[in-house]
Amino acid sequence: MILILLGPPGAGKGTQAQRLQDKHGLIQLSTGDMLRAAVAAGTEVGLKAKAVMERGELVSDEIMTGIISDRLGEPDTKNGVILDGFPRTEAQAEALDKMLLAKGLKLDAVIEMKTDDDILVERITGRYTCANCGAGYHDSFLKPKVEGVCDKCGGTEFTRRSDDVAETVISRLKAYHDQTAPLLPYYRQKGILKQVDGMAGIDEVTRQMEDALQAI
Ligand code: ADP
Ligand code: AMP
């Protein structure tokens, strides 16, 4: 199964992708995570992406489609993937269509996580991640059961993203509305767009995701 989670930064894509990965054995492909790994490793892609990401703008279509095309060629993706953060432009969506066609694969569904912009700053500035296993948390909305200890792996080190500050949220939201939201009619026209209420609590969103998947 190939799924796209579509929504603005902070909508809950990563949170739900982790749950779908754990439950259904699909592989989460987060282009943001891949770019952050490239930045940390100091690769050529990382060097090109770093400043763009810090400004809250989009990395070039050429780099992004190259990353996803390479990743979809790896054997662990054969049982299905959840695309989290890709595609983000019409050019990326068209490139993905071509890529899947060439590989004999098909896109099963695009799930829009509908959210109001005014809650996103609080979601984004409260976000943090286990440094060991990457599990996501929030200062108010998703705390570990034992303070300071990751529920999944018992890790005690956590990280926050350098772009998760209120100043970048405005440019990231602008990029979403200008360049990514136009993908909604693109996928609606193909008859594969589904919606969940991204404003609901995390467990309720998961329930709506499962309902959407049942219908496929
Ligand atoms: P995205 O991947 O779309 O940028 P995340 O999944 O990282 O968003 O979620 C952003 C933050 O908001 C995280 O800290 C997460 O724990 C929290 N969060 C995710 N979904 C919800 C929700 N439905 N209600 C409240 N908080 C949420
Ligand atoms: P995310 O982790 O999805 O919030 O992405 C973090 C940042 O990585 C974004 O603000 C962009 O700068 C960059 N990025 C991630 N995915 C893409 C993409 N598909 N196209 C362009 N830029 C991307």
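The values are calculated or read from the model by the stated rules, or taken from the named source; none is laboratory data. All figures in this text were calculated on a predicted structure; none of them were measured in a lab. In this analysis, Cβ positions are derived from the backbone assuming ideal geometry, glycine residues included, and neighbour counts consider all displayed protein chains.
Points worth noting:
- Filter result (surrounded by fewer than 18 Cβ atoms within 10 Å (Cβ to Cβ) and not acidic (Asp, Glu)) within segment 162-174: SER162, VAL165, ALA166, ILE170, SER171, LYS174
- Selection count, segment 149-161, where residues are under 22 Å from GLY201 (Cα atoms) and surrounded by fewer than 12 Cβ atoms within 10 Å (Cβ to Cβ): 0
- Only one of LEU193, LEU213, LEU184 that is over 15 Å from GLU122 (Cα atoms), touching a His at 6+ places or on another chain (Cβ under 9 Å) and surrounded by 14 or more Cβ atoms within 10 Å (Cβ to Cβ): LEU213
- Candidates are the residues of segment 17-40 that are touching a Gly at 6+ places or on another chain (Cβ under 9 Å) and more than 12 Å from ligand 2 (Cβ to nearest atom); the one that is modelled with the lowest pLDDT is GLY25.
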